[in-house]
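The values are calculated or read from the model by the stated rules, or taken from the named source; none is laboratory data. Since this is a predicted model, take the numbers as computed values, not measurements. Because the Cβ atoms are built from the backbone with ideal geometry, glycine has one as well, and the counts that use them run over all protein chains shown.
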Amino acid sequence: MKSIIEQYRNNIRKIISSMTGSQNEDIEQEVYIRTWKNIDKYKENGKFKSWVSTITANLCRDYMKSSYFRHSQNTVTEEDDLIQIRDEKESIEDTFIRKQRQKRIMDAIDTLKPKFREVVIMYEMQDMSYEEISEKLKVPVGTVRSRLFNARKELSILLEDLI
C-alpha cells in the first residue's frame, strides 16, 4: 500500500484540488482506504492509475454533494479569517467567488449525459489521453474526441455566463 500512496499521491492530490478547490486530506485518506479495501475488485483490463483516479473523482463528487461541504461554503471561520490576513493575494470575496464558480462547473458536469461526463472527467481531471480513454471505454479515439467536443459544447451553453 505504501508504494501505491507514493506512486499516485500527486495525481490524487491534483484531482482533489481541481475538483474541490483545495487540498482535502480527509478525501485523500479516504481514497487510500477505499483503494486498499477494494484492491481485490480491481480488474487488470484497465490502468491502475485510472481506477484510483475514478475512486478519487467519485469521492470528490460525493464530498461536494454533502451537507458539510455546502455548509462550509456558506460559513467563514476564524481560521479562514487568519488565512486571509496572511494571504492578501486573494480576498475573502475572491475565494468565495472562485469556490462558487468551481461548484457551478461541477454541478454542470454532473448534469451531462453519463457518456459525456465520464469523458470530461477522465480527460480534464484525470489527465488521461484520448488513447487511454479509448482503451478504458473500449470505443474508438474518434468517439472519445466527439464526446469531449459535445460535452464541452453543452458545458459552454450551461456555463455561458462564466465564460
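One residue stands out among those in the range 112-161 that are loosely packed, with under 12 Cβ neighbours inside 10 Å and touching a helix residue (DSSP H, G or I) at 6+ places or on another chain (Cβ under 7 Å): the one that is farthest from Lys47 (Cα to Cα), which is Pro140.
Scan the range 1-59 for residues that are basic (Lys, Arg) and either in contact (Cβ under 8 Å) with a residue 60 or more places away in the chain or surrounded by 14 or more Cβ atoms within 10 Å (Cβ to Cβ) (or both) and jot them down.
Going residue by residue through the range 1-59, those that are basic (Lys, Arg) are 2, 9, 13-14, 34, 37, 41, 43, 47, 49.
Matches in the range 1-59: Arg13, Lys14, Arg34, Lys47, Lys49.
Arg61: outside the structural domain of Met122 (by TED's automatic domain parsing), within 24 Å of Asp94 (Cα to Cα) and of a type in the set (Lys, Arg), yes or no?
Values: outside the structural domain of Met122 (by TED's automatic domain parsing): yes; within 24 Å of Asp94 (Cα to Cα): yes; of a type in the set (Lys, Arg): yes.
Judged against the criteria, Arg61 is a match.
Selection of the range 95-115 for residues being in contact (Cβ under 8 Å) with a residue 40 or more places away in the chain, part of a helix (DSSP H, G or I) and closer than 23 Å to Arg147 by Cβ yields Gln102, Arg104, Ile105, Met106, Ala108, Ile109, Asp110, Thr111.
Would you pick out the residues in the range 22-34 that are among the hydroxyl-bearing types (Ser, Thr, Tyr) and at pLDDT below 85?
Just the residues of the range 22-34 that are among the hydroxyl-bearing types (Ser, Thr, Tyr), to begin with: 22, 32.
Ser22 - this is the single residue of the range 22-34 that is among the hydroxyl-bearing types (Ser, Thr, Tyr) and at pLDDT below 85.
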